[in-house]
1. Counting only residues 5 or more places away or on other chains, whose amide H sits under 5 Å from the amide H of Trp92 once H atoms are built in the peptide plane?
2. Could you tell me the calculated FRET efficiency between Gln88 and Ser18, based on Cβ-Cβ distance and R0 = 22 angstrom, to the nearest 0.05?
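Computed from the coordinates by the stated procedures, all read-outs in this text should not be read as laboratory data. Quick caveat: nothing in here was measured; it's all calculated off a predicted structure. In this analysis, Cβ positions are derived from the backbone assuming ideal geometry, glycine residues included, and neighbour counts consider all displayed protein chains.
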Amino acid sequence: MRRVSHHHDLTVLGLQKSILEGAGISAFILNNHSWWMGNGAVSLLCLCLGERELTNNPLFAPVLCIVEDAYFEEALEILVAHHAALPQGTDWTCHACAAEVPGTLDACWQCRAEQPTEHRQ
């Protein structure tokens, strides 16, 4: 078992896991359940104590791991190639709800308002 990726968003790790499994590399997400349970309780306590910077506890952070170490280099190459193939746009603020939207999206993730034409590439 070897760690190949980490991210606070389980959907990102789930996508990476699917990509690796599609290439024949067995993978799993470590801490996929404890992140929400442990981090939620720790975050609430830290916020109550006024320690906002401690709200994301790395002990509970989800991690993508591969089962067989021999596939480590191949797994990294696959994930790097996938990330490089993603469209890179400029992040923008939704004119309808003021949400911060990643540049890879053409519509707001929160209210589905279309991206203004001046931000499109």
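1. For Trp92, the qualifying residues are Val101, Gly103.
2. That pair, Gln88 with Ser18, gives E of 0.55.
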